[in-house]
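Novice: What follows is a structure written as C-alpha cells; I'll ask about it next.
FYI, it's all coordinate maths here, none of it is from the lab. Only a predicted model underlies this, so the values are computations on that prediction, with no experimental measurement involved. Methodologically, a virtual Cβ is constructed for each residue, glycine included, from the backbone with ideal geometry; neighbour enumeration extends over all protein chains shown.
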Amino acid sequence: MKKKILIIAADYYTDISSRLIISAKKKLKNFNKIDIIKVPGVFEIPVTIARKINKYDAFIALGCVIKGETPHFDFISKSTTDALMFLSITKKKPIGNGIITCLNKLQATKRSHKGSEAAKAVISIISQK
C-alpha cells in the first residue's frame, strides 16, 4: 500500500517499546513507507503527531505507562488518550492507540504484543472506501 505511516514510540521502557514496535511492524508488512520516531515518554507522543500531521496518512502511538504510588499514572494516561482522540477527530487522520497501561512490569511484558492491534486498527480505517 502507498500510504505513509508514522510510528511514534515512547522509549521510557525500552524493552517494552521495542516489542510494541516489532509487533506493529509485523502487521504493517504490506506498507512501503513506515517511519519511526522515538520520544522519551507517552506524554510527548501527541505533540509529535501534531507536528507531523500533514506528512503522514496515519499514525501509531506506542508506549507503556506503569502505575506507581502517585496519581501521575492517571493524569498521563487520560491526557495522552484525550489528546490522541482530539487529533484524530479534528485532523481526520487515523491514530492507533497502542499505549498500554499496566499495574506492573510483568503485565507490561505480557501485553507488549499490543502494537499489532493498534496497527490493525489503523489499517482498517485507511482501507475504508
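Novice: Would a scan of region 99-114 turn up a residue that is within 12 Å of residue 7 (Cα to Cα) and touching a strand residue (DSSP E or B) at 6+ places or on another chain (Cβ under 8 Å)?
Specialist: yes
Novice: Then there is this: Within region 27-38, track down each residue that is more than 11 Å from the chain's Cα centre (by Cα) and over 12 Å from residue 118 (Cβ atoms). Working first, answer last.
Specialist: Our first condition is that a residue be more than 11 Å from the chain's Cα centre (by Cα); within region 27-38, this holds for 27-35.
Within region 27-38, 29, 30, 31, 32, 33, 34, 35 meet the criteria.
Novice: Still on this structure, I have one more. Would you check which residues across region 76-129 are over 14 Å from the mean Cα position of the chain (by Cα) and under 14 Å from residue 17 (Cβ atoms) and list them?
Specialist: Listed by number, the residues that qualify are 102, 105, 108, 109.
Novice: Moving to a separate point now. Keeping to region 1-13, report how many residues are surrounded by 16 or more Cβ atoms within 10 Å (Cβ to Cβ) and either part of a loop (DSSP other than H, G, I, E, B) or among the β-branched types (Val, Ile, Thr) (or both).
Specialist: Residues that pass the stated criteria total 7.
Novice: Wholly within region 14-124, which helices (runs of 4 or more DSSP H) include no fewer than the required count, namely at least 2 residues that are surrounded by 19 or more Cβ atoms within 10 Å (Cβ to Cβ), touching a Leu at 6+ places or on another chain (Cβ under 7 Å) and touching a residue at least 60 places away in the same chain (Cβ under 8 Å)?
Specialist: So the answer is 14-27.
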